[in-house]
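Working notes for the structure below.
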DNA sequence: ACCTGAACACCGTTCAAGT
DNA sequence: ACCTGAACACCGTTCAAGT
């Protein structure tokens, strides 16, 4: 069957220029993840949707794990750009740091499977696009700097604080996604993130000890 | 082949009394998880190690997912008892709440695959052992009460605080397990948990606003 | 009531062969 | 250089048949 015919279900074959199969596979993988979750993300299904044989991906990725890594890296990129924008757009009365945390949680709730894949997949920076490693490091640096500016504290303390903030929002997102938060009618993740970052923000900015 | 002969590699067949295959499968599953991780935890491998045919588990579990749920529930039980003990044993100068958080993190670092399975698997309390549901609820209640006692705050505020504390330690454990914390030589999870709970404890107990 | 063995559909991976 | 098709080992699941 030719690659330009529509598929059996009538949906169009994803358009990709010849020689861009690698990119098409990453995109198709994300598509499957969003539509049907991690369990449906098989190498053969990705190949099927991309309109190539099930062996074709091996010309672009060493194995399934390598494709998953590439998808995870793309997700990190997406989340980073989203958070950076949120931080810039945060109106002056609004705290940029809180906007950052809320954007983090929003991404998680909008892309649950991708988010889980991103953070449950060991990323060895050696196999990552250097531009991405740099972008991630820069994002973290600006996060650290933001904390130090607001608190006027030592770098060591800012480090502790950043770890605590990141852990809180990350843990909250994970617990929420995994359905572990089931006391009452569970509020949307965004609201919980607002609550938690509010609490932490209030605690941190009130004048007191900072070792 | 008889079930009482040693296996090919010479290791003994796990002892379980006839009629206790269900329990043997759960135990064997945890064994595989600890030794070789989630990817190695297949239904067929569990059956193999337990010395039964690959179809036998279906007489005790509806499908693989049901076995995973049972294993996850066992893990929750293990973690709960461990944390309860840690809280009791905490010496008076030591804060019981902090001991709780540290025990949580310690369990995660000692049983990484089991921990991940526990929290990445939606638990529907309907299919869980009622004793376990009750035990979990009781553990959370005592956690909540501990917060309210120490802070002398409203129940609503204690709820916010408990969510924040839980999220922090959970997120920290997850990020650590997934190798996302790679600035310097990463400290043991226990040390990071001490650092984060120290910070949060100090912030919470200093006299200030509690809405 | 509990377990087995064969069978089916599916998956990841490899490789000789095609263009 | 890139892709295909057949092949292999493995898995989850089902089911008739055994005790």
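Limited to the stretch A:46-79, what total is found for residues that are within 14 Å of DNA strand D (Cβ to nearest atom), away from every other protein chain (no Cβ under 14 Å) and part of a helix (DSSP H, G or I)?
Going through the stretch A:46-79 one residue at a time, the tally reaches 10.
Give me the pairs: first residue in the stretch B:42-58 and at positive phi, second residue more than 8 Å from DNA strand D (Cβ to nearest atom) and assigned to a loop (DSSP other than H, G, I, E, B), beta-carbon distance under 8 Å, and six or more apart or on different chains, which are they?
From residues that are at positive phi, the pairs are B:51/B:3; B:51/B:7; B:51/B:13; B:51/B:14.
Do any helices (runs of 4 or more DSSP H) lying entirely in the stretch A:112-211 carry at least 3 residues that are at pLDDT 95 or above and within 7 Å of chain B (Cβ to nearest Cβ), and which ones are they?
Where helices (runs of 4 or more DSSP H) fall fully within the stretch A:112-211 and carry at least 3 residues being at pLDDT 95 or above and within 7 Å of chain B (Cβ to nearest Cβ), they are A:155-177, A:189-205.
Return the only residue of A:86, A:103, A:99 being more than 14 Å from chain B (Cβ to nearest Cβ), assigned to a helix (DSSP H, G or I) and modelled with pLDDT of 95 or more.
A:103
Among the residues that make up the stretch B:84-104, is at least one of them in contact with a helix residue (DSSP H, G or I) (Cβ under 8 Å, 6 or more places away or on another chain) and farther than 17 Å from residue B:142 by Cβ?
no
When you check residue B:185 against the structure, is it surrounded by fewer than 12 Cβ atoms within 10 Å (Cβ to Cβ) and under 24 Å from residue A:76 (Cα atoms), yes or no?
yes
The values are calculated or read from the model by the stated rules, or taken from the named source; none is laboratory data. All values derive from a computational prediction rather than experimental measurement. For neighbour counting, all protein chains shown are included, and Cβ atoms are generated from backbone atoms with ideal geometry for every residue, glycine included.
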